[in-house]
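Below: one structure, written as structure tokens.
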Amino acid sequence: MPISGLGTYSLKEEVCVRSVSEHLKAGGRLIDTAFIYGNEKCVGQAVRQSGIPREEIFIITKLYPSQYARAEAAIEEAFQKLDVGYIDMMLLHHPGRQDVEAYKAMEEAVKDGKIRSIGLSCYYITELDKFLPQITITPALVQNEIHPYYQDNNVILFIQSKGIVVQGWYPLGGRGHTKELLNNPTILEIAQAHNKSSAQVILRWNLQKSVVVIPGSSNPDHIRENLNIFDFELTEEEMAKINTLDRNEKHDWY
């Protein structure tokens, strides 16, 4: 799985198709979608139209709690909507009734070859301690809200100690909060020192914490910029400065 990708939350219809297409043209190969985003068909369309070999692209989608009671049918629905041959990774979107049963249905889909890997989203230490003993296939990945104002470092370390990859959604703060985060004086100062944007510095900070990033954007320039984060490195001092920005400030409800 690539360690930098495109989040498609809030991207609809042609905007989604264009954004995924731009991401792929720019060299990006990781795309995150979900049933609740209502854009799985659009993601699949962009992938099929790209001309890029399917095996080079990594697609993540998610089941929503409203689907857990009929997980087998929901998995088939995602498979049909994407229409790309197989699903690289499927996650449970967040804890809910019958989540263990839904995960076991995903385990069966792995055996059938429809899904290559499975994981979780919005599961924290308490939820994982309860959940993990009940399932067979250890999640390959847990996707949680992570950004400089909500760093959740103890949770990151806990997940990584289990051999599970951590992926951060809202890496740039999320809708309504991005502007403030990108204009944070500490981040601006570090960005200037590297001749990079604030967004690139924040994404790089995540990567150096071994957190995979999936920033969302429909702006072609920003999509390219968000992928251009492999030609510089933050110093230990710069990492420490960003670590001091933690406010334990969550920007979404789960």
Margin query: So for the stretch 210-227 (the condition being touching a His at 6+ places or on another chain (Cβ under 6 Å) and under 29 Å from L120 (Cα atoms)), does at least one residue qualify?
Written below: yes
Check: Can F158 be described as in contact with a helix residue (DSSP H, G or I) (Cβ under 7 Å, 6 or more places away or on another chain) and within 30 Å of L128 (Cα to Cα)?
Finding: yes
Check: Inside the stretch 12-41, can you point out the residues that are in a loop (DSSP other than H, G, I, E, B), open to solvent by 10 Å² or more (accessible area, probe 1.4 Å) and either under 22 Å from V211 (Cβ atoms) or aliphatic (A, V, I, L, M) (or both)?
Finding: A26, G27, R29
Check: Within the stretch 209-228, can you find the residues that are farther than 15 Å from Q167 by Cβ and surrounded by 15 or more Cβ atoms within 10 Å (Cβ to Cβ)?
Finding: S217, S218, P220, H222, I223, R224, E225, L227, N228
Note to self: Tell me whether the stretch 42-54 contains one or more residues that are touching a helix residue (DSSP H, G or I) at 6+ places or on another chain (Cβ under 8 Å), within 28 Å of Q160 (Cα to Cα), modelled with pLDDT of 95 or more and surrounded by fewer than 17 Cβ atoms within 10 Å (Cβ to Cβ).
What the structure shows: no
Check: For the stretch 210-227, how many residues meet the condition of being part of a loop (DSSP other than H, G, I, E, B) and out of contact with any Gly (no Cβ under 9 Å at 6 or more places or on another chain)?
Finding: 3
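Of all residues being in contact with a Leu (Cβ under 9 Å, 6 or more places away or on another chain) and of a type outside the set (S, T, Y) in the stretch 192-206, which is farthest from V155 (Cα to Cα)? Just the residue, please.
Step by step, filter the stretch 192-206, then rank; the result is H194.
The values are calculated or read from the model by the stated rules, or taken from the named source; none is laboratory data. Quick caveat: nothing in here was measured; it's all calculated off a predicted structure. A quick note on method: Cβ atoms are made from the backbone with ideal geometry, for glycine too, and the neighbour counts reach across all protein chains shown. Each accessible area value is taken on the protein alone, full model and side chains, heavy atoms only, with ligands, DNA and RNA left out. Shrake-Rupley method; radii C 1.70, N 1.55, O 1.52, S 1.80 Å.
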